[in-house]
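Some notes on the structure that comes next.
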Amino acid sequence: MGFKLFLLLEKFLMLLPKQARKSFFVFLAAIAYHISSRYRNIGFINLDFVFGDELSKEQKKEIVKYSFRNLLLNFLHLMEIRHISKDELGKKVTIKNIEAVQKAHQDGRAVIYVTPHYCAWELGASAIGAFVEPIYAVFKKMKNRDYQEWMLESRASFGNKSLEKSNVIKPLINIIKKGSGCGIVIDTGINPREGVKVDFIGKEIKQTSTPAYLARKYNAAIIPVTITTDDEENYTLIFFDEIHVEKTDNEKEDIQKATQLQADWLTKLISDEPKFWFWIHRRFKSDYPQIYKN
């Protein structure tokens with residue numbers, strides 16, 4: 001019943017002018033910031049842990065507020081993507097440095113897109129599918145299956161497909177062998193037994209080593225990608241130059257180095273403009289569980 005009401009709300013919202021829809025979600029974000037003490041506190045804990053006194057309390061407050069706003073705008077993008085054309089999407093998104101992807105394909109190599117929860121990540125993934133190549137994106141199973149299906153349908157609007165995170169390595173290998181693109185998010189917490197240790201925004205954490213492992217073994221190209229905006233209306237999808245994976249006699253060291261380079265890229269991205277990162281999730285739970293205890 002609840003999900004049917006949600007679908008009715010979606011139909012109603014899509015009848016409204018675009019600015020009215022946005023205002024509705026921005027309003028929800030403001031309410032969420034004030035009533036969701038759990039996630040608000042997670043945001044402040046993360047910022048205190050990473051930046052200490054480098055940022056003022058007011059700066060941290062604005063960043064946490066924007067994290068709620070950005071989350072709801074991503075939800076809005078998921079909704080709108082289900083109803084817009086490729087031409088309409090193209091008017092919203094400009095692509096920068098697509099040459100990095102083209103070079104990899106000219107060399108006959110599959111591309112592993114590594115990306116974070118940064119700015120308009122849902123819009124960015126759809127733009128890759130629409131204007132670069134359809135990709136297989138790894139996702140984590142959700143408790144609400146109705147909403148998960150709705151979300152995956154939206155993500156498939158421009159040709160992308162989704163792979164559930166558990167037991168995903170074998171499907172990813174097959175995809176890369178076929179020369180198809182895949183997308184892997186690198187800024188979420190992982191099982192302490194997995195990944196490798198890296199320095200990420202000044203903290204030693206475990207980060208997934210899957211992109212480096214696959215790129216090294218199957219000669220794929222790791223290309224970082226993100227999306228950004230100055231006005232929340234016009235967006236720039238940015239492909240960065242390939243992160244090369246060495247192939248020496250020391251496989252473990254090769255993978256660790258390439259994974260650290262990914263962490264370095266993400267560290268710079270967040271340090272340059274911290275407000276766009278998704279601060280209201282427990283990224284450091286696996287490595288520093290004590291910071292979230294209170």
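For this structure, a couple of remarks:
- Test: residue in the range 236-253 that is in contact with a Leu (Cβ under 7 Å, 6 or more places away or on another chain) and either under 20 Å from Ile190 (Cα atoms) or not polar (S, T, N, Q) (or both): yes
- Residue check, Gly43 in contact (Cβ under 8 Å) with a residue 12 or more places away in the chain, assigned to a helix (DSSP H, G or I) and out of contact with any Lys or Arg (no Cβ under 9 Å at 6 or more places or on another chain): no
- The sole residue among Lys18, Lys91, Lys4 that is loosely packed, with under 14 Cβ neighbours inside 10 Å and at pLDDT below 95 is Lys4.
- Residue tally, condition part of a loop (DSSP other than H, G, I, E, B), in contact with a strand residue (DSSP E or B) (Cβ under 9 Å, 6 or more places away or on another chain) and on the phi < 0 side of the Ramachandran plot, over the range 154-185: 5
- Looking across the range 104-117, just one residue is in a helix (DSSP H, G or I) and loosely packed, with under 15 Cβ neighbours inside 10 Å, and that is Gln106.
- Failed item in (1) in contact (Cβ under 8 Å) with a residue 40 or more places away in the chain; (2) of a type in the set (Asp, Glu); (3) surrounded by fewer than 19 Cβ atoms within 10 Å (Cβ to Cβ); (4) within 18 Å of Gln262 (Cα to Cα), with Asp187 passing the rest: (3)
- Every residue from the range 116-130 that is in contact with a helix residue (DSSP H, G or I) (Cβ under 7 Å, 6 or more places away or on another chain) and touching a residue at least 60 places away in the same chain (Cβ under 8 Å): Pro116, Tyr118, Cys119, Ala120, Trp121, Leu123, Ala127
- Failed item, numbered, when Gly179 is tested on (1) under 18 Å from the mean Cα position of the chain (by Cα); (2) within 22 Å of Pro134 (Cα to Cα); (3) of a type in the set (Gly, Ala, Ser); (4) surrounded by fewer than 19 Cβ atoms within 10 Å (Cβ to Cβ): (1)
- Boolean, Ser37 is closer than 30 Å to Lys293 by Cα, of a type in the set (Gly, Ala, Ser) and surrounded by 14 or more Cβ atoms within 10 Å (Cβ to Cβ): no
- Within the range 118-153, the only residue that satisfies the criterion of being of a type in the set (Gly, Ala, Ser), within 20 Å of Glu233 (Cα to Cα) and outside any helix (DSSP H, G or I) is Ala120.
- Residue within the range 211-222 that is farther than 20 Å from Ala263 by Cβ, buried (at least 17 other Cβ atoms within 10 Å of the Cβ) and either charged (D, E, K, R) or at pLDDT 95 or above (or both) present: no
- For the residues Glu58, Glu54, the requirement of being assigned to a loop (DSSP other than H, G, I, E, B), at pLDDT 95 or above and of a type in the set (Asp, Glu) singles out Glu54.
- Scanning the range 82-98 for residues that are in a helix (DSSP H, G or I) and in contact (Cβ under 8 Å) with a residue 24 or more places away in the chain gives Lys86, Leu89, Gly90, Lys92.
- Close Cβ contacts (under 7 Å, 6 or more residues apart or on different chains) running from residues in the range 50-66 that are within 18 Å of Thr267 (Cβ to Cβ) to residues that are at pLDDT 95 or above and part of a loop (DSSP other than H, G, I, E, B) comprise Val50/Ile201; Val50/Gly202; Ile63/Trp279.
- Candidates in the range 232-264 are the residues that are touching a residue at least 60 places away in the same chain (Cβ under 8 Å) and of a type in the set (A, V, I, L, M, F, W, C); of these, the one that is surrounded by the fewest Cβ atoms within 10 Å (Cβ to Cβ) is Phe240.
The values are calculated or read from the model by the stated rules, or taken from the named source; none is laboratory data. Everything quoted here is computed from the prediction, not taken from an experiment. Virtual Cβ from ideal backbone geometry, glycine too; neighbours counted across all protein chains shown.
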